[in-house]
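**Q** Can you read through this structure? Questions will come right after.
The values are calculated or read from the model by the stated rules, or taken from the named source; none is laboratory data. Owing to the predicted nature of the structure, the values given are computational and were not obtained by experimental measurement. Positions of Cβ are backbone-derived with ideal geometry, glycine not excepted, and every protein chain shown enters the neighbour counts.
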Amino acid sequence: MKTIKQFFYLVSPFWGRRAALYCWFLLIISLTLTLSSVWFNVKMNEWNGSFYNALQQLDGQALYKLLQQFVIIIAGLITVVVMGDFLRQKMVIRWREGMTEQVLDRWLSKNSKHYMLRLTSQEPDNPDQRIAEDIRLLIESTMRLTVTFLHSLLTLITFATILWSLSGAISFTLGGSEWTIPGYMFWACIIYTIIGITITQFIGSPLRKINMDKQRKEADYRTALITRKQHGDAIAGQRGEISDRNELMSRFLGVIHNWNNLIRYERNLAFFTVGYQQATAMAPIIFALPKFLAGELMLGGLMQLRQAFSSVAGALSWFIFSYKEIAAWQATVTRLYNFVVLLEHDHESEVADLNDKQTKLKAHLSLFMQDDNLLIQEVDLSVKAGELIVIEGCSGLGKSTLLRALSGHWPYFKGEIQRSPNVCWIPQRMYLPFARLDSLLAYPCQPNQFSAKEYEEALHLVGLDKIKNQLSLETDWTTRLSGGEQQRLIFARLLLNKPELILLDETTSALDEQNALNMLMLLKQHLPTAGIALVSHQRFTHVIADNVLSLKAPTESPSQSAGDSEYVS
């Protein structure tokens, strides 16, 4: 029941909106077509009785007519099954599109939920896998289980009546009394199936947890491979291949261990389910044999009874044959639910918008670590339009964390921050994904928002004329450009996007003195209404800075703490 509630929590946002009306239409039509196959199966059951009776009586004329009926029934069955499956798959891809859009909208929210989860150590393992893989598995498994369950339910209702009427009553003497059981084949089928379900649950109960571990370990291993690919230069430069290979094999051995557990339990379950399936084919003949030998049943009636029994037993055994997929479905629902719940509430930023043409940033705050330890005490900072403020201090003091707080992405502070809503924070680790050059330059805007001339002019200003004719080239620019060139590309991006407040974290660290100063002067000249705060260890930047904020480690004494930061003009 808990898994069912989690499932409805996940899917109700999509199915409850107007945009899902077409999907409801596809779902209803596809299920109607697929479930109508039960009617064709009933016709096949009746056809079997007539065919085998005609065969027993050697009635050639009736046999030829029955073969014509067979072609019509099979053609209809094929049509409804194929079209039902086609429409269901169209619905599945629309459902996946809508659900993915909703989850991405909450993960990549305007308040940077994806980043805040990682920052506050709440991020679950492999969110990429949960979005890409778990949503697909949830939808596909849900549809398979829904279709098979409804088909089994309709089959049960339809063929239970047929089985009851065909089996008749059986009488026997027990303890000196005469006993009569009406519809005895139906009751035999019920008891037979209940025993099968009980054994299946006993054998397969560990599969749910093993499937959850399987998804996690596979995703961990895939993430580790991607990480090695991204940092291939560092691995090659330090000859770390053996160490990384050992680490990857260690993770892969976890996948193998889980896989061995999974196939062992699936083997044990298969021993029973395969045997149960084969026994189900013979069980109705064994149960009906006394009546057949007594001449109460003809061959056609026996074949009808066998099909009816198999259909009812198969319908009742839905849980047995679907157990493995149900276990995997439960694991997928739990993993996706635990992820989506974390996206429920957006982080409320304590940074206030400041709509002032002259002042772009005003802050008075003390910074803390997640464990409430003081990081930086009593920082006063003001950045006006056209100003460049350089923030300096010893390594590890918290300069990068200060920029995080100023951008609205570090909630562990006390005090007040007011800044322009049009802010751009460039962390030390630059974001240059595999993409077209014009996309990287325009980010976060769309490439069509700027003309080719604007791109070329921005690249010319930052000294990247050699790539200005490669705007449509899609490649890994982190390997194609040097560290300094990548930083200059970031400056070209800023020149195009024109933010009002720019927070730079060591964004000139890979540039020589002259180029670093040129890049900063470009921002001041071409973005005169923007305020700039730069964290840097390059003291030569002080030459063009309007102010320098020197940060110091907090001290125990309150009288000393007032000097933990100071402006130097």
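**Q** Considering Arg118, Arg106, which residue is of a type outside the set (Ser, Thr, Tyr), closer than 27 Å to Arg222 by Cα and at pLDDT 85 or above?
**A** Within the list Arg118, Arg106, the selection yields Arg106.
**Q** All but one of (1) at pLDDT below 90; (2) in a strand (DSSP E or B) hold for Val383; state the number of the condition that does not hold.
**A** Only one criterion is unmet by Val383, namely (1).
**Q** Tell me which helices (runs of 4 or more DSSP H) are completely within segment 1-62 and hold 3 or more residues being aromatic (Phe, Trp, Tyr), in the same structural domain as Phe159 (by TED's automatic domain parsing) and free of Cβ contacts under 8 Å to residues at least 40 places away in the same chain, or say none if there are none.
**A** Filter on segment 1-62 gives an empty set.
**Q** Now for a different question. Name the one entry in Ala294, Ala288 that is within 23 Å of Ala54 (Cβ to Cβ) and either acidic (Asp, Glu) or buried (at least 19 other Cβ atoms within 10 Å of the Cβ) (or both).
**A** Sole residue among the options that is within 23 Å of Ala54 (Cβ to Cβ) and either acidic (Asp, Glu) or buried (at least 19 other Cβ atoms within 10 Å of the Cβ) (or both): Ala288.
**Q** Any idea how many residues of segment 524-538 are without any contact (Cβ under 8 Å) to a residue 60 or more places away in the chain and buried (at least 19 other Cβ atoms within 10 Å of the Cβ)?
**A** 1
**Q** Kindly indicate whether Ala75 is in a helix (DSSP H, G or I), free of Cβ contacts under 8 Å to residues at least 24 places away in the same chain and out of contact with any helix residue (DSSP H, G or I) (no Cβ under 9 Å at 6 or more places or on another chain).
**A** Yes: the conditions hold for Ala75.
**Q** A further question follows. Taking Ala281, is it loosely packed, with under 14 Cβ neighbours inside 10 Å and assigned to a helix (DSSP H, G or I)?
**A** It is true that Ala281 is loosely packed, with under 14 Cβ neighbours inside 10 Å and assigned to a helix (DSSP H, G or I).
**Q** Test Val38 against the criterion of being over 30 Å from Leu343 (Cβ atoms), among the hydrophobic types (A, V, I, L, M, F, W, C) and modelled with pLDDT under 85, and give yes or no.
**A** Yes: the conditions hold for Val38.
**Q** Related question: When you scan segment 262-277, how many residues do you find that are closer than 10 Å to Phe321 by Cβ and either outside the structural domain of Met212 (by TED's automatic domain parsing) or touching a residue at least 60 places away in the same chain (Cβ under 8 Å) (or both)?
**A** Count: 2.
**Q** Filter segment 460-517 down to the residues that are among the acidic types (Asp, Glu) and part of a helix (DSSP H, G or I), then identify the one that is farthest from Ser407 (Cα to Cα).
**A** This residue is Asp465.
**Q** Moving on to the next point. Being touching a helix residue (DSSP H, G or I) at 6+ places or on another chain (Cβ under 8 Å) and either over 26 Å from Ala234 (Cβ atoms) or without any contact (Cβ under 8 Å) to a residue 24 or more places away in the chain (or both) is the filter here, so list the residues in segment 498-512 that pass it.
**A** Ile502, Leu503
**Q** Same structure, new question: Across segment 189-224, what is the number of residues that are more than 23 Å from Leu262 (Cα to Cα) and in contact with a Leu (Cβ under 9 Å, 6 or more places away or on another chain)?
**A** Count: 5.
**Q** In contact (Cβ under 8 Å) with a residue 12 or more places away in the chain and buried (at least 17 other Cβ atoms within 10 Å of the Cβ), is that true of Met116?
**A** For Met116, the condition - in contact (Cβ under 8 Å) with a residue 12 or more places away in the chain and buried (at least 17 other Cβ atoms within 10 Å of the Cβ) - is met.
**Q** Leu523 is checked against (1) out of contact with any Ser or Thr (no Cβ under 9 Å at 6 or more places or on another chain); (2) under 30 Å from Ser366 (Cβ atoms); (3) outside any helix (DSSP H, G or I) and fails just one. What number does that condition carry?
**A** Failing condition for Leu523: (3).
**Q** Identify the residue in segment 400-420 that is at negative phi and in contact with a His (Cβ under 7 Å, 6 or more places away or on another chain) and, among all such residues, is modelled with the highest pLDDT.
**A** Among residues in segment 400-420 that are at negative phi and in contact with a His (Cβ under 7 Å, 6 or more places away or on another chain), the one modelled with the highest pLDDT is Glu416.
**Q** Name, by its number, the condition in (1) part of a loop (DSSP other than H, G, I, E, B); (2) at pLDDT 85 or above that does not hold for Glu348.
**A** Just one mismatch for Glu348, condition (2).
**Q** Working carefully through the options Arg144, Arg130, Arg106, find the one that is farther than 29 Å from Pro411 by Cβ and part of a helix (DSSP H, G or I).
**A** Answer to the selection: Arg144.
**Q** Pick out the one residue from Ser121, Ser109 that is on the phi < 0 side of the Ramachandran plot and in the same structural domain as Leu336 (by TED's automatic domain parsing).
**A** After applying the criteria, what remains is Ser109.
**Q** Scan segment 411-434 residue by residue and report those that are outside any loop (DSSP other than H, G, I, E, B) and either of a type in the set (Phe, Trp, Tyr) or surrounded by fewer than 17 Cβ atoms within 10 Å (Cβ to Cβ) (or both).
**A** Phe413, Lys414, Gly415, Glu416, Trp425 - these are the residues of segment 411-434 that are outside any loop (DSSP other than H, G, I, E, B) and either of a type in the set (Phe, Trp, Tyr) or surrounded by fewer than 17 Cβ atoms within 10 Å (Cβ to Cβ) (or both).
**Q** Mind checking which pairs have a first residue in segment 472-486 that is of a type outside the set (Phe, Trp, Tyr) and a second that is part of a helix (DSSP H, G or I), Cβ under 6 Å, 6 or more apart or different chains?
**A** Leu473/Leu437
**Q** So, in segment 415-461, how many residues would count as being closer than 26 Å to Lys399 by Cα and touching a residue at least 12 places away in the same chain (Cβ under 8 Å)?
**A** Number satisfying all stated conditions: 19.
**Q** If you check every pair at least six apart or on different chains, which have Cβ atoms under 6 Å apart with a residue in segment 175-189 that is at positive phi and in the same structural domain as Leu305 (by TED's automatic domain parsing) first and a residue that is part of a helix (DSSP H, G or I) and not small (Gly, Ala, Ser) second?
**A** Hits for this filter: Gly183/Trp164.
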